[in-house]
Amino acid sequence: MKLLSALRILCGAILAVQFCNNLAVAQVPDTRVALFARYHCPLTDLLRQVYEAPSPFQKLDRYLALTAPLIHKNYIQCMFAENRTKLYCEASSGYYDEAMGKPRRVFPSEETKAAFAKLGFKTGNDEKNFPFERDFKGVPDFGEIAGLMLDAMHDCFGARAGTRLTVHAPFARKVEADCGVKPEGRRQGAVWD
């Protein structure tokens, strides 16, 4: 009888701990949702500006680079090319982090490469950055491109809402959309706030 009573108490304690763990997990904010809430709208608007900017050249400076300066030189950059019918993106692999002739010190993990591959980046060449290409007709979905860039920063480089992201986009100026939130970050060709 005492054994049965002790088992009931133990099972009750296990259920209570499990309930508390589930409750704690439910209260932890989704890091992707928080990152997107902070950066998606402004990034979408800046991509639109890059695409729409008139230029005497078809692709010169028609790019946007998104970096996380405090996360070891990692970046995603996308460029509108071929008369704005192609999107070329590139994600840092660490290959170009060292000066020419110096041994490479940074190698992406297999998990990082798998995360890039899941997003559509080509990861087979260990000696270059990871490319992404897409053709489109008409005006592209800038929100989708911003989502790709933020997913890569989140899933592959570990960026979170508290991560300061920096934009460099020669054709973009100040965020014009009413995003309701002003991300912190530095200006290099584009202004977050």
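Observations on the model:
- A Cβ distance below 7 Å, combined with a sequence gap of six or more or placement on separate chains, defines the contacts here; from segment 80-95, residues that are modelled with pLDDT under 90 reach residues that are of a type in the set (Asp, Glu) in the pairs Thr85/Asp135; Tyr95/Glu127.
- Residues that are surrounded by 14 or more Cβ atoms within 10 Å (Cβ to Cβ) and either at pLDDT 70 or above or over 19 Å from the mean Cα position of the chain (by Cα) (or both) do not occur anywhere in segment 7-29.
- Of all residues in segment 167-193, those being touching a Pro at 6+ places or on another chain (Cβ under 8 Å), under 17 Å from Cys41 (Cβ atoms) and either at pLDDT 90 or above or surrounded by 17 or more Cβ atoms within 10 Å (Cβ to Cβ) (or both) number 4.
- Selection from segment 46-61 of residues that are under 21 Å from Arg134 (Cα atoms), of a type outside the set (Gly, Ala, Ser) and either touching a helix residue (DSSP H, G or I) at 6+ places or on another chain (Cβ under 6 Å) or surrounded by fewer than 21 Cβ atoms within 10 Å (Cβ to Cβ) (or both): Leu47, Arg48, Gln49, Tyr51, Glu52, Phe57, Gln58, Lys59, Leu60, Asp61
- Flag for Pro140 being in a loop (DSSP other than H, G, I, E, B) and modelled with pLDDT of 90 or more: yes
- The residues of segment 100-125 that are at pLDDT 90 or above and either hydrophobic (A, V, I, L, M, F, W, C) or assigned to a loop (DSSP other than H, G, I, E, B) (or both), listed by number, are Ala114, Ala115, Phe116, Ala117, Leu119, Gly120, Phe121, Lys122, Thr123.
The values are calculated or read from the model by the stated rules, or taken from the named source; none is laboratory data. Predicted, not measured: the structure shown is a model, and the values here were computed from it. Quick reminder, even Gly has a Cβ in these numbers, built from the backbone with ideal geometry, and neighbours come from all protein chains shown.
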